[in-house]
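The values are calculated or read from the model by the stated rules, or taken from the named source; none is laboratory data. Because the structure is a prediction, the values reported are computed rather than measured. With ideal geometry, Cβ positions are generated from the backbone for all residues, glycine too; neighbour counts draw on all protein chains shown.
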Amino acid sequence: MSVLNIHISLVKFGYSYDIGDTKNLIFEINEELISFLRSSSILFEKRNQSIIVEKENLPYAYFHNEVEFYNVVKKKHFEKNVVISNYKVENQSLILEDEKVYLNGKETQNFLFANALAYFEAIQFFKNCHDNDDQENFEFVDFYSEANNSIIFSSISEKRRLKLKFKPVGTIPLNTEVNYFSKFSEFKDTYTKERNHFHTFLKNAMISNIASFSGIKFEAFFYKIEKILNDAKLNFNVYLQGLSLEKIQTEYSEYKQAYFKNQNEILSKISNQVVAFPFSIAAISFSLFKLSGNDFPLLLIVLGLVGYVFYTSFLARLLMLDLQKLDKGIHHDFSNLSSQKFFDDHRKELEYFTSIKNDLIERIKKLKLGLFFFVTIVWIVSFGLVIYASKLIFKWEWSDLNARYYIFIPLGFLLLYIAIYKFLIICKKKKN
């Protein structure tokens with residue numbers, strides 16, 4: 001008969017539990033119960049008109065509720081199946097049977113039992129490390145004592161130490177929705193497989209992540225176990241490849257400042273052109289108005305205006321080429337950095353550098369867009385002034401134009417836009 005069926009049957013018969021010293025299940029005398037206990041090979045005795053079943057005689061490890069489980073459970077209890085009779089609420093059972101967990105008879109994802117096993121495994125693992133440490137005078141566990149219930153890790157280089165206190169009996173409350181047993185198994189397997197001073201980095205990662213934790217430090221070990229492993233692997237790979245992540249970050253920040261300086265110089269040049277543009281247009285417009293009727297000076301102004309437009313466009317092209325060079329340089333530097341073998345296993349560490357690259361690229365895009373709009377405005381305004389000058393030179397009025405000629409105005413603007421976009425602003429990249 002399964003553990004679940006035995007427990008359900010005992011609950012139906014009804015019993016009280018001596019949660020004090022004896023830890024016995026006490027039933028009223030019942031012949032059907034006696035028959036059931038005998039058929040289930042459960043030892044019992046009659047005492048004071050009651051049937052007494054010692055919990056040790058049950059075919060499973062019995063705990064009245066989760067509080068008792070946390071306080072008295074031992075690793076040996078998991079040699080049998082386990083029952084918590086009143087889990088969270090009365091008469092709600094949590095059962096571990098054949099490595100599966102059932103809540104009121106239904107299989108569930110509850111890692112209470114797995115996490116308790118992980119806790120016992122961790123204590124035993126650290127004890128074995130202390131007993132067997134002989135790797136070039138390096139001690140992963142510096143002190144282990146069952147008398148003091150203490151495990152101590154110390155780092156001379158960082159002048160810090162970590163003290164894990166463990167309970168002589170019972171376990172620690174961990175999040176039952178997370179399987180810390182599998183996480184600890186990975187921790188233990190990594191410790192076993194890795195060599196070449198990896199243990200030093202693992203120990204330092206434990207100390208740095210847990211030592212300052214204000215709560216129960218053994219709980220913190222499980223909560224931060226993934227980060228401990230990741231930090232140890234990261235620092236170990238940095239050590240193996242002769243890299244300094246902090247140095248790389250500093251150097252890349254200096255690259256960022258250099259690129260920003262170059263971008264600011266281009267921005268300053270654009271700003272000077274933008275600031276001067278309104279005054280130039282105002283001066284030209286005023287001159288056209290004042291020189292109305294003087295064809296030759298008007299023609300000179302028009303020629304000067306056309307020259308100004310092409311010179312401005314020439315400068316814009318040079319600035320656009322500078323921006324493209326910056327863009328190419330940023331991608332090239334980032335490509336060289338990201339191709340480092342170190343980042344193959346630590347993609348998350350690349351996020352810092354990716355963020356810098358993206359900021360620089362986004363800034364270049366905005367500068368290109370601003371430059372394009374500025375030159376477009378220069379051409380549109382200048383085109384309008386040329387039309388106005390031609391009106392003054394040839395002395396025609398808008399009313400003299402036939403309606404069909406108005407189509408040439410938007411067509412002229414369209415051709416103007418194509419000229420700016422195709423020939424003056426867009427700089428094709430040369431193929432290698």
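Among the residues of region 168-194, which ones are outside any helix (DSSP H, G or I) and either in contact (Cβ under 8 Å) with a residue 60 or more places away in the chain or in contact with a Phe, Trp or Tyr (Cβ under 9 Å, 6 or more places away or on another chain) (or both)? Across region 168-194, the qualifying residues are 169, 170, 171, 172, 173, 174, 175, 176, 177, 178, 179, 194. Kindly establish whether residue 313 is part of a helix (DSSP H, G or I), of a type in the set (Ser, Thr, Tyr) and either modelled with pLDDT under 75 or within 30 Å of residue 230 (Cα to Cα) (or both). So residue 313 fails the test. For region 188-201, a residue qualifies if it is out of contact with any Lys or Arg (no Cβ under 9 Å at 6 or more places or on another chain) and at negative phi, and the qualifying residues are 188, 189, 191, 192, 193, 195, 199, 200.
Of all residues in region 326-350, those that are within 19 Å of residue 363 (Cβ to Cβ) and in a helix (DSSP H, G or I) have Cβ atoms under 6 Å from Cβ atoms of residues that are among the polar types (S, T, N, Q) and at pLDDT 65 or above, 6 or more apart or on another chain, in 326/262. Quick check, is residue 107 on the phi > 0 side of the Ramachandran plot and without any contact (Cβ under 8 Å) to a residue 12 or more places away in the chain? The answer is no for residue 107. Checked against the criterion of being surrounded by 11 or more Cβ atoms within 10 Å (Cβ to Cβ) and within 27 Å of residue 99 (Cβ to Cβ), the candidates 28, 54, 45 yield just one match: 54. The requirement of being modelled with pLDDT of 90 or more and of a type outside the set (Asp, Glu) is not satisfied by residue 138. Being in contact with a Ser or Thr (Cβ under 8 Å, 6 or more places away or on another chain) and among the β-branched types (Val, Ile, Thr) is a property that holds for residue 207. Name the single residue, out of those in region 197-255 being acidic (Asp, Glu) and modelled with pLDDT under 90, that is nearest to residue 120 (Cα to Cα). Restricting to residues being acidic (Asp, Glu) and modelled with pLDDT under 90, the top hit is 231.
For region 115-131, state whether one or more residues are touching a Ser or Thr at 6+ places or on another chain (Cβ under 8 Å), without any contact (Cβ under 8 Å) to a residue 60 or more places away in the chain, part of a helix (DSSP H, G or I) and buried (at least 20 other Cβ atoms within 10 Å of the Cβ). Yes, there is a match, as at least one residue in region 115-131 is touching a Ser or Thr at 6+ places or on another chain (Cβ under 8 Å), without any contact (Cβ under 8 Å) to a residue 60 or more places away in the chain, part of a helix (DSSP H, G or I) and buried (at least 20 other Cβ atoms within 10 Å of the Cβ).
When you check residue 94 against the structure, is it under 29 Å from residue 176 (Cβ atoms), of a type in the set (A, V, I, L, M, F, W, C) and without any contact (Cβ under 8 Å) to a residue 40 or more places away in the chain, yes or no? Yes: the conditions hold for residue 94.
May I ask you to verify whether residue 69 is closer than 25 Å to residue 118 by Cβ and in contact with a Ser or Thr (Cβ under 9 Å, 6 or more places away or on another chain)? For residue 69, the condition - closer than 25 Å to residue 118 by Cβ and in contact with a Ser or Thr (Cβ under 9 Å, 6 or more places away or on another chain) - is met.
Sub-9 Å Cβ pairs linking a first residue in region 27-38 that is farther than 13 Å from residue 11 by Cα to a second residue that is among the polar types (S, T, N, Q), at least 6 apart or interchain, are 29/49; 29/50, ordered by first then second residue. Of the residues making up region 141-179, those that are surrounded by 14 or more Cβ atoms within 10 Å (Cβ to Cβ), among the small types (Gly, Ala, Ser) and more than 17 Å from residue 120 (Cα to Cα) are 154, 155. Strands (runs of 3 or more DSSP E) fully within region 16-107 that include at least 1 residues being within 20 Å of residue 171 (Cα to Cα): 61-65, 82-86, 94-97, 100-103.
Taken over region 1-15, the criterion of being assigned to a loop (DSSP other than H, G, I, E, B) and either modelled with pLDDT under 90 or loosely packed, with under 15 Cβ neighbours inside 10 Å (or both) is satisfied by 1, 2, 14.
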